[in-house]
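Worksheet for the structure shown next.
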Amino acid sequence: MHGAEAGKSLIQFNHCKKSIYSFSVPLCCPLCQGNVGSMKLEEAPVSIANPFTNGHQEKCSFLLRPTQGTFLREYDGRSDLHVGITNTNGVVYNYNAHGVQRDKTGWEQSISILLLQPNMYGLMDQWDKYLEDFSSLGTWLPHRYEEDHHNCYSYTLMFINCILTTEGKEPLDKSEFTERYVVPRTRLASKYLTLYRAIQEHGFYVSDHPGQEPCLAPGSGLC
Ligand SMILES: [Zn+2]
């Protein structure tokens, strides 16, 4: 990701026996005003990985983003989320009340989960055809759409299960897929957003217990 969509990078350093997070290392500690430059090696700042990527640069991946707006600007932990699948050219296939959409923009700030295991690369040649054929099924006509039971998540999960079946693997049910693949990523993203917003507002964020920052509950609504 580049520029504004990527957001600023976050760093974490230790001072005053606390973990302090900010957008860049300040000259003096915001708590004691002491010099931050003279840190011991174990206090050296580390950067916090940005959990968001440009979905249009991800091949064969499951993507998640807020239905409206972006994670960094608008997401409040309760907003509806929307999901899709990328083809090998970064086109994002997703299902909504208007049928299957093939988006070339709009997924620049997404949580991305690669769906191809290293031993499945042979599948990449067929991926775009599978995805296009799957999306042309009558199952995904606009009038079949139902907000709670036949939605973007049904579409992506059914496609993932078609792929797993093709590979001779067991299909996943919704809660298995969510727990195993999605929740770990949304948890990280929530933590990152908490830090990001706090730093935006106060310039820094202090944690008494390193590694145990409060988490926002990931939104459960899907469209
Ligand atoms: Zn200090």
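Just so it is clear, none of the values below were taken in a lab; they were calculated from the coordinates. What you see is a predicted model, and the numbers here were worked out from it, not measured in a lab. With ideal geometry, Cβ positions are generated from the backbone for all residues, glycine too; neighbour counts draw on all protein chains shown.
For the pair Glu201 and Thr88, what calculated FRET efficiency results from E = 1/(1 + (r/R0)^6), where r is the Cβ-Cβ distance and R0 = 41 Å, to the nearest 0.05?
Values: r = 40 Å, r/R0 = 0.98.
After rounding to 0.05, the efficiency reads 0.50.
Report the local net charge at Phe62: Lys and Arg +1, Asp and Glu -1, summed over other residues whose C-beta lies under 15 Å from its C-beta. Write out the running numbers ahead of the final one.
Working: positive: Lys59, Arg65, Lys174, Arg180, Arg185; negative: Glu58, Asp103, Glu176, Glu179.
So the surrounding residues net to +1.
Rounding to the nearest 20 debye, state how big the charge dipole of the chain is about its Cα centre with +1 on each Lys and Arg Cβ and -1 on each Asp and Glu Cβ.
Numbers: 19 positive and 24 negative charges, 116 e Å.
My answer is approximately 560 debye.
Could you grab the relative contact order for the chain? Cα pairs under 8 Å, six or more apart, rounded to a whole percent.
Values: 369 pairs, mean separation 55.8, N = 223.
Relative contact order here is 25 percent.
Which entries of Lys59/Lys104; Lys8/Lys40; Lys40/Lys191; Lys17/Lys40; Lys104/Lys129; Lys18/Lys40 have Cα-Cα distances beyond 19 Å here? Spell out each step's value before the answer.
Numbers: Lys59/Lys104 13 Å; Lys8/Lys40 25 Å; Lys40/Lys191 27 Å; Lys17/Lys40 13 Å; Lys104/Lys129 17 Å; Lys18/Lys40 14 Å.
Result: Lys8/Lys40; Lys40/Lys191 exceed 19 Å.
What is the extension gain from Lys169 to Gln117, computed as 0.36 nm multiplied by their sequence separation minus the C-alpha to C-alpha distance, in nm to one decimal?
Separation in residues times 0.36 nm, less the Cα-Cα distance, equals 17.5 nm.
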